[in-house]
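In what follows, a single structure is set out as structure tokens and then discussed.
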Amino acid sequence: LLRSAFILAGSEALTVGVNYGQIANDLPSPTRVAGLLRSLNISRVKLYDADRNVLTAFHDTDAEFVIGIGNENVSTMTDPGKALAWLQLHVLPYLPYTNITCVTVGNEVFKGNDTLLMSNLLPAMQSVHQALVSLGLDKNVTVASAHSIDMLAISYPPSAGSFRQDLAAYIQPILGFHSITNSPFLINAYPFFAYKENPSTISLDYVLFEPNSGVTDPNTNLNYDNMLYAQIDAVYSAMRAWGHTDIEVRISETGWPSRGDDDEVGATPENAAKYNGNLLQRIEMNQGTPLKPSVPVDVYVFALFNENLKPGPTSERNYGLFYPDGTPVYNVGLRGHLPSIVFSSSSLLLLGHHQLDSDEALSCTGLCHRLLGREEIVQLPMSHTLLRIQAGDHRKCVGDCVPRELVQHLLHLERIKQFPMPTLLFSLIGIKGGGWKGGRDGGAAINSPLVVGLRCQHGSWWNMQTIPSCFRSLNVTYPSPSAIPRPGMA
């Protein structure tokens, strides 16, 4: 049974982090995800990229973010100028309102056989770090790379842990980088893989943190009652063998799948609940490993959601704690909820948690960022002009928003096929033929499936035939133009 202190997750902040992967086509919007994580009191999030929609959605929250530079961009980051440009585009715009604490360069680079990628990893990490120094951010944002546990040649007993000798030329200088920059060494560790390969020789209770007698390291006499802690200490031992005792090991990924193929032994909801539930208990107890008992284990669980487009075996698509609709895949004691969309005939539009009335002005740029950042529309009004542009601000908006992205996003989120009409929804910038057309007095409107037939800058009206084809192709049910009020009618 879960401890009562853990079950109270709804009222006490959790120290565990979570990996927020997005290789799926059915996930909720980042703003709703932000609401889910707030309700769970999970405030540490790891991304595999630097998705502006996510970083914008978590604006002014307490969440700490690890963002990532993918393997495909590692070689580019060896150029100091391009590393600086990347940070200026993906980090600077969100600080300090979104708390970015770490940039990972590459993911499991040493798992493959791309020696050029391996050679570029350290120079890329150094370039990103130097760019952070030049921006004055190096004290708050660290640089790391997430490695697979199979970079170890020996992992048992933990005291004999050692890195693969064929990787020595790459790993030794990387350890030196971490020592100099005081940054963590990140490991992706999955006891599930070890159990799947040897279910007859590895104890299931041992890998699931269930009660068991454990194994004793013959060199240190330290007893290990779970495999994950043994793997962590094996990494510490491997680093010590190469002269490093000052680098912290953190688990950037660990988890257990709830489903798998026939040959993926142990991939069940019951085992996943035990693994993650027991792990979360230990994390909330600030437990350390036998070798480092005073250093709380730092873990990012994989993953927040099941991701239906991930390639590979069935297990790859079933590591999530939650289904995309916010339902728990299994019970680990977490109590939270995914915010839902509510439609109303109210004269108010709610963008996320920010309420705007018909007289409030909002800068065009800010509104664009909210919408394209996937702030959720939770109340769709029936007949109000809700937002207007500050005087002269419409000129800033040209090219700043992408109407097709906005419309596709809103339609995809909740499979909306029809919007209540009539309405004057956004007093913003009109579009015609797929492009932006600015109005001198800010009295234009978005011509999209959201609002059809609204007045443009001269008070004329667009109809179905003049809606850009990119919107017509979205299979939206439009209202009859005759049902839409002309100016002065609403």
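The values are calculated or read from the model by the stated rules, or taken from the named source; none is laboratory data. The structure presented is a predicted model; accordingly, all values stated were derived computationally and were not measured. Counting neighbours? That spans all protein chains shown, and the Cβs are built from the backbone with ideal geometry, glycine included. Keep in mind that these areas ignore ligands, DNA and RNA; they rest on the heavy atoms of the full protein, side chains included. Shrake-Rupley method; radii C 1.70, N 1.55, O 1.52, S 1.80 Å.
Cross-link list 111/310; 196/310; 46/292; 82/292: which exceed 27 angstrom alpha carbon to alpha carbon?
In this structure, 82/292 lie more than 27 Å apart at Cα.
Compute the orientation-averaged projected area for region 175-297 from the convex hull of its Cα atoms and round it to one decimal in nm². Intermediate values should be presented prior to the final figure.
Working: hull surface 33.3 nm².
Its Cα hull, projected and averaged over all orientations, spans 8.3 nm².
What accessible surface, in Å², does a 1.4 Å probe find on residue 110, ignoring ligands, DNA and RNA and rounding to the nearest 10?
Roll a 1.4 Å probe over it and residue 110 shows about 10 Å².
Of all accessible surface on region 234-275 at a 1.4 Å probe, what whole percent is carbon and sulfur?
That share works out to 41 percent.
Percent relative contact order of region 77-234, based on C-alpha pairs within less than 8 angstrom and at least six residues apart? The partial results should precede the final answer.
Numbers: 202 pairs, mean separation 34.4, N = 158.
Result for region 77-234 is 22 percent.
Whenever you get a sec, compute what percent of the accessible area on region 15-168 sits on carbon and sulfur atoms (1.4 Å probe).
It is 50 percent, rounded to a whole number.
Please compute, over every Cα-Cα pair in region 41-156, the percentage with a separation greater than 21 angstrom.
Cα-Cα pairs in region 41-156 separated by more than 21 Å: 38 percent.
Using a 1.4 angstrom probe, figure out how much accessible area region 125-197 has per residue, in square angstrom, rounded to the nearest whole.
39 Å²
When the Karplus curve 6.51 cos²θ - 1.76 cosθ + 1.60 is applied with θ = phi - 60°, which whole-Hz ³J(HN,Hα) does each residue of region 125-142 get, with x for Gly and Pro?
Values, residue by residue: 4, 5, 5, 5, 5, 5, 5, 5, 4, 5, 8, x, 10, 5, 7, 10, 10, 9 Hz.
Residue 307: net charge of surrounding residues, Cβ under 15 Å, Lys/Arg +1, Asp/Glu -1, itself excluded?
Working: positive: 46, 259, 310, 317; negative: 26, 49, 51, 253, 316, 325.
In short, -2.
Given Cα positions, please report Rg to Rh for region 86-149, the hydrodynamic radius being the Kirkwood one.
Rg/Rh for region 86-149 comes to 1.02.
Take every Cα-Cα distance within region 116-219, group them into 10 Å bins from 0 onward, and report for each bin the whole-number percent of pairs it holds.
12, 34, 26, 20, 7, 0
Quick one: Cα convex hull volume of region 193-257, Å³ per residue?
Values: hull volume 7.3 nm³, N = 65.
It comes to 112 Å³ per residue, whole-number rounded.
Per residue, how much space in cubic angstrom lies within the convex hull of the C-alpha atoms of region 256-335?
Hull volume over Cα atoms, normalised by residue count, gives 107 Å³.
Compute the distance from the alpha-carbon center of region 196-213 to that of region 318-337, in whole Å.
Going from one Cα centre to the other spans 24 Å.
Just to confirm the filter: which trypsin sites (Lys or Arg not before Pro) across region 98-185 are DSSP coil and have at most 15 other Cβ within 10 angstrom of their Cβ?
Sparse-neighbourhood loop trypsin sites (Lys or Arg not before Pro): 139, 164.
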